[in-house]
Amino acid sequence: MFSSFSFAGEVYDKFPEQIEANEKYVFYSHGFIVEGTNPTPKNERWGVYEFPAIKESLADSQYNLIAYHRPKGTDPFVHAKSLANDVRKLLKKGVAANHITIIGFSRGAFITSLTSHYLEETPVNTVLLAGCGRIVSNKYSDIKMNGAFLSIYETTDGAVTCEKLKNRSPQLTSFDEISITTGEEHGAFYRPMPEWVVPVKQWVVEKSS
């Protein structure tokens, strides 16, 4: 466990030992390239994935951030079920469903969408970053989102609108989508660019108020 700022909520790399029922919790799931032991791996096209800096930027005084560093070879379905169980642990401790948000980018977005699907009985807030590429939209067409849902995509990336996912998810309570244009393609989410970090944090605070 570590805290990025003295004025911020806690930032955890493991599930917290102590849960406060009146506090808010946000889970962030990183992209595929970070799976392993290196928190700042480099992609030839998109540059360095700044996992520590992303966690630092997503941290906020209004909620606690939980960001696991997944090991190499992580099964996304197994991890999503584990993440859903972590959400249920918070709920059992008295944390309100709307005070829990799950966020994921790319492979992490796929895991996050699965987690939302598994939490049909108790929907929480969900954010997908570049989450609606071929896998989510077509190959796994049985996945449905639940609760409040925010999608953010980069217009120069291959993973774009989540409209199709939204349309097949009848249990959504709200849907918001933001497109950004940085020219960075998938790499726009490799670093904490304000174009996506600011609206994500604003949405999380709004939905959990």
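Which net charge results for the neighbourhood of Arg45, defined as the other residues with beta-carbon distances under 13 angstrom from its beta-carbon, given Lys and Arg at +1 and Asp and Glu at -1?
On the way: positive: Lys42; negative: Glu44, Asp157, Glu184, Glu185.
Taking every Cβ under 13 Å from that of Arg45, the sum is -3.
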Phi to ³J(HN,Hα) by Karplus 6.51 cos²θ - 1.76 cosθ + 1.60 over segment 51-66, Hz, x for Gly, Pro: 4, x, 5, 5, 4, 4, 6, 7, 4, 7, 5, 8, 7, 9, 10, 10
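Please order Phe27, Phe32 by the number of other Cβ within 10 Å, starting at the fewest. Could the numbers behind the result be given before it?
Values: Phe27 27, Phe32 18.
Neighbour counts put them in this order, fewest first: Phe32, Phe27.
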Provide the gained length on full extension for the span His69 to Ala53, in nm with one decimal, where the gain is 0.36 nm per separating residue minus the Cα-Cα distance. 4.4 nm
Mind checking which lysines have their C-alpha under 26 Å from Lys164, skipping anything on the same chain fewer than 8 residues away? Lys81, Lys139, Lys144, Lys201, Lys207
3J(HN,Hα) from dihedral phi, segment 20-33, Karplus parametrisation 6.51/-1.76/1.60, rounded to Hz, x for glycine, proline: 9, 4, 8, 9, 10, 9, 10, 9, 10, 10, 6, x, 4, 4
Cα convex hull volume per residue for the chain (Å³): 110
Simple spin-label estimate for Glu44/Gln202, 7 Å along Cα→Cβ, in nm, reads 3.8
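Output the antiparallel fraction of DSSP beta bridges having both residues in segment 11-207, as a percent to the nearest 5.
On the way: 3 of 30 bridges.
Just about 10 percent of them are antiparallel.
Just to confirm a number: summing +1 for Lys and Arg and -1 for Asp and Glu over residues other than Pro170 whose beta-carbon lies under 12 angstrom from that of Pro170, what do you get?
Every neighbour counted, the sum reads +2.
In a shell of Cβ-Cβ distance under 13 Å around Glu35, excluding Glu35 itself, what net charge do Lys and Arg (+1) and Asp and Glu (-1) give? Walk me through the intermediate numbers first.
On the way: positive: Arg70, Lys72, Arg107; negative: Asp75.
So the environment of Glu35 carries a net charge of +2.
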Using only the alpha carbons, work out the radius of gyration and Dmax of segment 98-209 in angstrom. 12.8, 39
Positive dipole terminus of segment 149-209, leading residue within Ser169, Val197, Thr156 (C-beta point charges): Ser169
Rounded, prolate or oblate: which fits segment 9-72 when a ≥ b ≥ c are the square roots of the eigenvalues of the alpha-carbon gyration tensor, with rounded for a/c under 1.5 and prolate only if a/b beats b/c? prolate
Relative contact order for the chain: what percent, with Cα pairs under 8 Å and sequence separation of 6 or more? 20
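Taken together, the values in this text are just the output of simple stated rules run on the coordinates, not laboratory data. Keep in mind it's a predicted model, so treat the numbers as computed, not measured. Positions of Cβ are generated from backbone atoms using ideal geometry, with glycine treated the same way; all protein chains shown enter the neighbour counts.
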